[in-house]
Amino acid sequence: MLKIDNINVYYGAIHAIKGVSLEVTEGEIVTLIGANGAGKSTVLKTISGLLRSKTGEINFMGENISTLPSHKIVERGLAHVPEGRRVFLQMTVQENLEMGAYTQKNRDTDADMEQVFALFPRLLERRKQIAGTLSGGEQQMLAMGRAMMSRPRLLMLDEPSMGLAPLLVEQIFAIIQEMNKKGTSILLVEQNAQMALSIADRAYVLETGSIAVSGTGEELIESDKIRKAYLGG
Amino acid sequence: MKRIGKRLRSNLVIYGLVVVTYVVLQMVMGSGHISSSLQGQLVPICVYVVMAVSLNLTIGVLGELSLGHAGFMSVGAFTGVVACIALEGIISLGAVRMAVSMLIGAACAALAGVLIGIPVLRLSGDYLAIVTLAFGEIIKNIINCLYVGIDHRGLRISFLTSAAALELAEGGRVIIDGPMGISGIKKLSTFTMGFALILITLFIVLNLIYSRSGRAIMALRDNRIAAESVGIPATKYKMMAFVTSAALAGAAGTLYALNYSTVTAAKFNFNTSILILVFVVLGGLGNILGSIIAATVLTILPEMLRQFNDYRMLVYAVVLILVMLATNNDDFKGLLYQIRGKILARNGTKGKEGAVNE
């Protein structure tokens, strides 16, 4: 459903992404792992239209989206949960979720919200609370729930485990798997390679702007090279 | 539902206060118990209230610091007055002519807002502030070099020359005379017109803030990346807020200019922009009622401080600093609470004093 072909992204003179190609097929969880500064977040931002690739093509559901503005890309069913729990701090949990349905004009969003609350019961408890007063894990859940409100076919998650306690990380990953079972394809960027590879169907390893290795999640967990470089021995 | 009710109530409070103030002032004026200096201030107060509320839309709601708000006021003032003079023979009723002029002033300021908005809204933070500051100065200098006249052939415009270059026919009249600005304006602005403009401004701004678009604008302010990731077109909504703000400033400019016999471009300088910014900051970012109160009090205050003669602006500055300290400094607020606590304790039983000081 998503096919990226040989994209090149620059920050001014810096060549950040050097000819990256990757693919997500319907129903998959695909993960993109790599060290700090490898360009993982840059790839996601380019797909969702926040950054532009100089060359190459991004195809989503058979349409070239590499020149579309970001709000049109969301309308096509490709949602992005940016890094660092970017929620609307001054709005309540419910209002944040309503914002997520922004592109769903004239449609009743109650059912969607019920689904989000089913995935994240914690958000239901905090429905009327101001988002800025939520804990880090709850804000991450809110950011994910908000993205689900736009009824995405493909959900891109940027470092959902960042700065969370191990128990919460497990919860978040369990929810990602549940979302996937309900029919949303996932493209997951992670530093926590162990967790990411354990739930992924396929994985790509990004090194200084290019894809170094790719394979199924199991293959990469078992590869010596990957274990040494990313999984701590 | 409860939230909506709360909002409606707070909006009604704003409208109510404005209407009550207007009615009370009208009654006081009717009975003649109002000083002539305050009476002269009524229209400027209305102008500054509209300016402050509209700038609050850019700064408080959209979250972009604009330092060129007087520039839009200037565009509205000059185009509005030119329209008013040009329409003199066509619309005889003063109030109607003035309303049409204000609409034209607002439309021209909105157009200026679109033109300046296209490049400026790609910037953010300090850069946006610098460019809007430059815009205010550029508008001032353009109008200083502009000559506009009217005769039986219609409006005649000349740039960077002199009034003679307009080559007006017999019976023609120079309207904008370069750096001399416009003189001989027939005063059309009234307190009631100002009041009406405030109500219209409040209606537009409050409805915008609490609409779907307003929510999108505030989402952009709170977190631009998150807003774009849920599919909010950033440019469209930034432009909507910025242009609305400019148009309202334009209407206020027309109201202002038609209150005096002469108006020059130098009036709408950087100091005016900063003055309005002070109203907005003191009233509270995003707080519409705060803007109204701050604009009113700070327009009257310098007049009331006349008794300090030369030290007037010094006292004004000290008052501003004190208000800022009181509203923003936690230590100062703590001190005020302590003093209040002590007073309450003294009035109450002696035994409770220690607990209040804690």
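The values are calculated or read from the model by the stated rules, or taken from the named source; none is laboratory data. From a predicted model like this one, the values you see are computed outputs, not experimental measurements. Glycine gets a Cβ as well: all are built from the backbone with ideal geometry, and neighbour counts include every protein chain shown. Accessible surface is based on the protein model in full, side chains and every heavy atom, while ligands, DNA and RNA are left aside. Shrake-Rupley method; radii C 1.70, N 1.55, O 1.52, S 1.80 Å.
Computed over all pairs of different Cα atoms, the Kirkwood value for the hydrodynamic radius of the range A:2-230 is 17.8 Å.
Only four residue types carry charge here, +1 at the Cβ of Lys and Arg and -1 at the Cβ of Asp and Glu. Report the dipole size of the protein assembly as shown about the Cα centre in Debye, rounded to the nearest 20.
Using only the charged Cβ atoms, the result is roughly 1500 debye.
In the complete set of protein chains, residue-level accessible area for B:Thr235 is approximately 100 Å², probe 1.4 angstrom.
The 3J(HN,Hα) values that the Karplus relation (6.51, -1.76, 1.60; θ = phi - 60°) gives for the range A:175-190 are, in residue order, 5, 4, 5, 5, 4, 4, 5, 7, x, 9, 6, 10, 10, 10, 9, 8 Hz. Gly and Pro appear as x.
Between 0 and 90 degrees, the angle of helix B:125-144 with respect to the longest Cα principal axis of chain B falls at about 30 degrees. Taking the empirical scaling 2.2 N^0.38 Å for compact globular proteins as reference, the protein assembly as shown has a Cα radius of gyration ratio of 1.20.
Nearest-5 percent of antiparallel DSSP beta bridges in the range A:2-230? Given both bridge residues lie in the range A:2-230, the antiparallel proportion sits at roughly 55 percent. In straight-distance terms, cross-link reach from A:Lys40 covers every one of the aspartates and glutamates whose alpha-carbon lies under 16 Å from its own, apart from those fewer than eight places away in the same chain; here that gives A:Asp5, A:Glu23, A:Glu83, A:Asp158, A:Glu159, A:Glu190, A:Glu207. The figure for A:Asp201 is an accessible area of roughly 70 square angstrom, using a 1.4 Å probe on the protein chains alone. Between the C-alpha center of the range B:1-59 and that of the range A:91-165 there is a gap of 40 Å.
For chain B, what does the accessible surface come to per residue with a 1.4 Å probe? Please give it in Å².
On the way: 17500 Å² over 358 residues.
Computed with neighbouring chains in place, this is 49 Å² per residue.
Calculate for the protein assembly as shown the 222 nm mean residue ellipticity that helices alone would give, adding -39,500 (n - 2.57) per DSSP H run of length 4 or more and normalising by residue count, nearest 500 deg cm²/dmol. Please report the intermediate quantities before stating the final value.
Working: 24 runs with 332 residues, N = 591.
Helix contribution divided over all residues of the protein assembly as shown: -18000 deg cm²/dmol.
Expressed as a whole percent, the accessible area of the protein assembly as shown that falls on carbon and sulfur atoms is 59 (1.4 Å probe).
Close amide-amide hydrogen proximity is noted between A:Gly215 and A:Ala203, each under 5 Å apart and 5 or more residues distant or on a separate chain (H modeled in the peptide plane; Pro and chain starts excluded). Going Cα to Cα from A:Lys45, which lysines come in below 19 Å? Please leave out same-chain ones fewer than 8 positions away. Of all the lysines, those that pass the test against A:Lys45 - Cα under 19 Å, at least 8 places apart if same chain - are A:Lys3, A:Lys18, A:Lys54, A:Lys72. Take the range A:157-233 with all the other protein chains still there, run a 1.4 Å probe, and you get 47 Å² of accessible area per residue.
Going by a ≥ b ≥ c, the root eigenvalues of the Cα gyration tensor, does the range B:42-289 fall in the rounded group (a/c under 1.5), the prolate group (a/b larger than b/c) or the oblate group? Prolate shape, in that a/c is at least 1.5 and a/b is the bigger ratio. Between the helical axis of A:136-148 and the longest alpha-carbon principal axis of chain A there is an angle of about 90 degrees. Angle check, please: helix B:288-304 long axis (alpha carbons) against the longest principal axis of chain B (alpha carbons), in degrees 0 to 90, nearest 10. The answer is roughly 80 degrees.
In this structure A:Ser135 has an accessible area near 50 Å², from a 1.4 Å probe over the protein heavy atoms. Interface area, chains B and A: about 1900 Å² of buried accessible surface, summed, with a 1.4 Å probe and ligands, DNA and RNA left out. Per residue, the solvent-accessible area of the range A:1-129 (1.4 Å probe, heavy atoms of protein chains only, all protein chains present) comes to 44 Å². Solvent-accessible surface, computed for protein heavy atoms with a probe of 1.4 Å, shrinks by 30 Å² or more for the following residues of the range A:43-57 when the other protein chains are added to the isolated chain: A:Leu50.
From the square roots a ≥ b ≥ c of the eigenvalues of the alpha-carbon gyration tensor of the range A:60-153, which class results: rounded (a/c under 1.5), prolate (a/b over b/c), or oblate? Could you put the intermediate results ahead of the total?
Numbers: a/c = 2.19, a/b = 1.66, b/c = 1.32.
In terms of gyration-tensor shape, prolate.
Shown for the range A:84-114: residues covered by the partner protein chains by 30 Å² or more of accessible area relative to the chain by itself (probe radius 1.4 Å), namely A:Arg86, A:Phe88, A:Gln90, A:Met91, A:Glu95, A:Met99, A:Tyr102.
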